[in-house]
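K.L.:
Let me begin by handing over the structure; questions about it come next.
The values are calculated or read from the model by the stated rules, or taken from the named source; none is laboratory data. Every value quoted in this text rests on a predicted model; they were computed, and no experiment measured them. All Cβ positions, even for glycine, are placed from backbone atoms using ideal geometry, and neighbour counts span all protein chains on display.
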Amino acid sequence: MTAGELAILTGLTTGAITGVIDRLEKRGFVNREKDPKDRRKVLIVPDQEKSFQVFGPMFTRLQEKLTEVYQQFSEDDLQIIASYFDKTNKAIHELAKELKNQP
């Protein structure tokens, strides 16, 4: 996607997202590529191999730890927890929209 699309999704300004992209590109996590459909646009393309290489072990360990936690709860407990997080997430998004629309 483009830097502008990333800015919209993250709620950051285009200037701020450009700084983030610059840092990610410097470390090899993303590349800027011309859009083959529109040469005026530049796409930000993640380097998945680099990302998996760097972050994969951390997330594998996280998954192991979370599995240990999940196994302590019954299926009914997990459904209640999931419902709580779903409702909390929706409330946060609603509030964020309200705050974004305030002057």
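K.L.:
Scan the stretch 23-51 and report the pairs whose first residue is at pLDDT 95 or above and surrounded by 12 or more Cβ atoms within 10 Å (Cβ to Cβ) and whose second residue is part of a helix (DSSP H, G or I) and of a type outside the set (Lys, Arg), with Cβ atoms within less than 7 Å and a gap of 6+ or a chain change.
P.N.:
So the pair list comes out as Phe29/Ser51; Val30/Ile21; Val30/Leu24; Asn31/Glu25; Arg32/Glu25; Ile44/Ala3; Ile44/Leu6; Ile44/Ile21.
K.L.:
What are the pairs, 6+ residues apart or on separate chains, where a residue within the stretch 3-15 that is in contact (Cβ under 8 Å) with a residue 60 or more places away in the chain and on the phi < 0 side of the Ramachandran plot has its Cβ under 8 Å from a residue that is in a helix (DSSP H, G or I) and of a type in the set (D, E, K, R)?
P.N.:
The qualifying pairs do not exist here.
K.L.:
Same structure again: Since Leu78 meets every condition but one in (1) surrounded by 10 or more Cβ atoms within 10 Å (Cβ to Cβ); (2) hydrophobic (A, V, I, L, M, F, W, C); (3) within 27 Å of Met1 (Cβ to Cβ), which condition does it not meet?
P.N.:
Only one criterion in (1) surrounded by 10 or more Cβ atoms within 10 Å (Cβ to Cβ); (2) hydrophobic (A, V, I, L, M, F, W, C); (3) within 27 Å of Met1 (Cβ to Cβ) is unmet by Leu78, namely (3).
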